[in-house]
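The block underneath contains the structure these notes are about, expressed in structure tokens.
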Amino acid sequence: MSIGNSNSPEEDRPSTDDRSEDRLVERSVEEPSIGTALKKARIAAGLTVDEVSSLTRVRIPIVHAIEDDDFTRCGGDVYARGHIRTLARAVHLDPAPLVESYDAAHGGRPAPTPAAPMFEAERIRPERQRPNWTAAMVAAIVAVIGFVGFTAFSGDAEKEKRPVAEGSASPKPAPTQTGGKPAAQPSQVPPAAKPEPSDSAIAAAPKDLVTVVLTADTGESWISAKDSTGRLLFDGTLVQGESKTFTDKESVDLVLGDAGVVKLFVNGKEIKDDFQPGQVERLTYTKEDPSQSQPQAG
């Protein structure tokens, strides 16, 4: 009896698991990872890691980590997306496919935080401060106008009337002249207290809040805002033409995903830093002069 080949045709075929692994290997070869794509594009652009860090203000260790597909040093998904966009633009890549690949690998993009509580806080808090501010302004204006008017009126009256002698307790009877007619008696005008001028009343009004206004001027940008206690005020995308206002008693912390498209006003003054398109910025502002706030590189 002849002994046949013990291996059947079915046994010679590759298993389903083997075919799945082959497809994964082929896909990984066809589609480089996010870090690999950024690194190849950087090398093709003739840039070093140090030069990319200088252009984007993303720290050198973070650039190395992202090129190694290690996003743990970014500080969270939001910062990781911002760094990917910034680095992609710096090496002339389209950031959208890379961000989509990151979202697919990390559970998708989170929904923006509802902004209704922030707007309610903004609507209530300034209204508690505004009456005092308005009253101070009105009082100052009335005092200045009253002082100017009183001074002008008193000057005209003094030209026409003789002043009453100081220290007279009560008006004395007018002495009679020889012809029997009473002499002209100067008008009795009691001295009035002059109001103190308050030229600096408006300028000296207390600044109880730090107020930050963001406007997406030339494009859209993701932004994040926190108050001095670390409470998240807003986390989402600011579309072109949209504005957001944030206030706090102490400070407002900002992260701008694309600082180059955002107009920034702090305490009524425009911040004219030379932010570049695609640049990620971390900023903190207080009630003091905005010039004292130092941007922190993302």
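Can you list the residues of the stretch 31-48 with backbone N under 13 Å from a point 7 Å past the Cα of Ser101, pointing along Cα to Cβ? Under cut-off, by backbone N: 31-42. Sorting 53-65, 92-104 by average packing, meaning the other beta carbons within 10 Å per residue, from highest down gives 53-65, 92-104. For the stretch 46-103, the solvent-accessible area with a 1.4 angstrom probe is 47 square angstrom per residue. Placing dummy labels 7 Å off each Cα toward the beta-carbon, the span from Thr237 to Thr218 is 2.0 nm. Each label point was placed 7 Å from the Cα along the Cα-to-Cβ direction; for Glu250 and Asp208 their separation is 1.8 nm.
The values are calculated or read from the model by the stated rules, or taken from the named source; none is laboratory data. Not measured: the values here are computed from a predicted model. No Cβ is skipped: glycine too gets one built from the backbone with ideal geometry, and neighbour counts run over all protein chains shown. Side chains are part of the model used for accessible areas, which takes the heavy atoms of the whole protein and leaves out ligands, DNA and RNA. Shrake-Rupley method; radii C 1.70, N 1.55, O 1.52, S 1.80 Å.
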